[in-house]
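Beneath this line is the structure, given in structure tokens, with notes to follow.
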Amino acid sequence: MSAQLALFAEAPAPKKTRLRRVHPSVPEVPATTIPSALLRAADWILLNSSGGKDSQAMASHVCALAAKLGLLHRIVVVHADLGDIEWANTRKLAEEQARRLGVRFEVVKAEGGDLLARTVARFFKLKAKAETEAREQGLDPAAAKVAPAWPSSSARWCTSDLKRGPIRKLMTRLVNERGDLGRPVRILNCLGQRAAESAPRAKLAAVEIDRPASNGKRHVTTWRPVHGWSDVEVWKEIARSGLPYHEAYDWGMSRLSCSFCVLGCEADVVLAARLRPKKADEFVAVEKKVGADFKHGLSMAQIIERARALDAEHGELQRPPHGTALSRYVGKKATREYLARVERGRLDLAA
Ligand code: SF4
């Protein structure tokens, strides 16, 4: 056998990859970016709700538009339940918001553990891989460098595993509910992402075709209805809607979702460590197990140190009055009116 043929003979069989077939009618670019046309064209209008202020404002804004068009029956609010990593009552709040909006609510949850359990599992997988590669290269497996297990801005597996994947399963369910239309079911997938949040988000289009989520049976269009909105516009929409918002904002958090987000700013994670010290300790235990800091260049152990220093200096945090966050943007009078509206239709979220 020639050296060249021998090379081919030894080469591992190529991995079988399943080709995703997107229906030929799914275009490369959206046919329209006009909100009313997007809503009318959709068989399902899926509102992704983390329970946070941006998705809340997006949901009430889209529901108001859909109500004018008589399309509320096509709306489904979906919340990806992240388990105990979320702030308390986030799922109940998302459900309550959907109930008040008069639209269907669905919860999805990833199988196989929360963010911490997944980080540990991922670490052992990466470690085994690094050791195998080292052995193959005749190197000491004990000295093999293991790739980071924590999610990060460049490896945001938390979003794909815990949110995007389970939401795509719901899309499959919704498509089956529609039955055979003789064409792909059109899903308008609405996200609360805003340009003002970060440079990568600023680059996102307000409307785009989601080809990875589309297939032979569904045509998914992503719409970011509040992409160009400022913080003030978001809070004004919350005041307008009269929907309850999460109390973590009153405590001073700038974002919701995971209470300790790998992408969160330092002020947020330190505040979260003051409010959830036991959960912070769990992160420290995982940091030890995987031998890496939770955030690039900032360990949970350091975060806890800073949180304790603040507690020592200012005393334990005291519960702020309801409406603290909102009043910064809309003033005290509008906040009082908002709180009265929330109260009138209030459910006990702590129940
Ligand atoms: S909130 Fe942060 S940590 Fe949680 S899933 Fe999103 S990016 Fe990941």
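The values are calculated or read from the model by the stated rules, or taken from the named source; none is laboratory data. As the structure is a prediction and not an experimental result, all values here were calculated from the model. Here the Cβ is made from the backbone with ideal geometry for all residues, glycine too, and neighbour counts use every protein chain on show.
If we keep just the residues of region 273-287 that are surrounded by 15 or more Cβ atoms within 10 Å (Cβ to Cβ) and among the basic types (Lys, Arg), which is nearest to VAL120 (Cα to Cα)? Restricting to residues being surrounded by 15 or more Cβ atoms within 10 Å (Cβ to Cβ) and among the basic types (Lys, Arg), the top hit is LYS279. Take the conditions (1) under 30 Å from ILE34 (Cα atoms); (2) touching an Asp or Glu at 6+ places or on another chain (Cβ under 7 Å); (3) in contact (Cβ under 8 Å) with a residue 40 or more places away in the chain; LEU191 misses just one of them, which is (2).
Scan region 82-90 and tell me whether some residue there is within 30 Å of HIS61 (Cα to Cα), touching an Asp or Glu at 6+ places or on another chain (Cβ under 6 Å) and among the aliphatic types (A, V, I, L, M). Checked region 82-90: at least one residue is within 30 Å of HIS61 (Cα to Cα), touching an Asp or Glu at 6+ places or on another chain (Cβ under 6 Å) and among the aliphatic types (A, V, I, L, M).
Count of region 80-92 residues, restricted to those that are over 12 Å from SER259 (Cα atoms) and either of a type in the set (Asp, Glu) or within 13 Å of the ligand (Cβ to nearest atom) (or both), is 2.
A single member of GLU106, GLU95, GLU86 is touching a strand residue (DSSP E or B) at 6+ places or on another chain (Cβ under 8 Å), buried (at least 21 other Cβ atoms within 10 Å of the Cβ) and within 24 Å of ALA248 (Cα to Cα), and it is GLU86. Residue check: is THR172 under 16 Å from the mean Cα position of the chain (by Cα) and either surrounded by 16 or more Cβ atoms within 10 Å (Cβ to Cβ) or assigned to a helix (DSSP H, G or I) (or both)? No; evaluated as a whole, the condition is false for this residue. Of all the listed residues (VAL270, VAL262, VAL290), the sole one being closer than 24 Å to VAL146 by Cβ, over 17 Å from the mean Cα position of the chain (by Cα) and surrounded by 18 or more Cβ atoms within 10 Å (Cβ to Cβ) is VAL290. Among the residues making up region 319-335, those that are surrounded by fewer than 13 Cβ atoms within 10 Å (Cβ to Cβ) and either at pLDDT 95 or above or of a type in the set (Phe, Trp, Tyr) (or both) are PRO321, GLY331, LYS332, LYS333. Cβ-Cβ contacts under 9 Å between residues 6 or more apart (or on different chains), taken from a first residue in region 111-131 that is more than 13 Å from LEU162 (Cβ to Cβ) to a second residue that is of a type in the set (Gly, Ala, Ser) and assigned to a helix (DSSP H, G or I), are listed as GLU131/ALA142. From the list HIS296, HIS322, HIS314, the one residue that fits, being within 16 Å of the ligand (Cβ to nearest atom) and at negative phi, is HIS296. Which members of region 153-168 meet the condition of being more than 9 Å from the ligand (Cβ to nearest atom), in a loop (DSSP other than H, G, I, E, B) and of a type outside the set (A, V, I, L, M, F, W, C)? Of everything in region 153-168, just one residue is more than 9 Å from the ligand (Cβ to nearest atom), in a loop (DSSP other than H, G, I, E, B) and of a type outside the set (A, V, I, L, M, F, W, C), namely SER154. Report, by residue number, each residue of region 1-46 that is assigned to a helix (DSSP H, G or I) and at pLDDT 95 or above. Correct list: PRO35, SER36, ALA37, LEU38, LEU39, ARG40, ALA41.
With respect to the conditions (1) under 18 Å from the mean Cα position of the chain (by Cα); (2) over 21 Å from ARG91 (Cα atoms); (3) more than 15 Å from the ligand (Cβ to nearest atom); (4) in contact (Cβ under 8 Å) with a residue 40 or more places away in the chain, TRP150 lacks only one, and its number is (3). For LEU116, the test of being hydrophobic (A, V, I, L, M, F, W, C), in the same structural domain as ASP231 (by TED's automatic domain parsing), over 25 Å from ARG201 (Cα atoms) and assigned to a helix (DSSP H, G or I) is passed.
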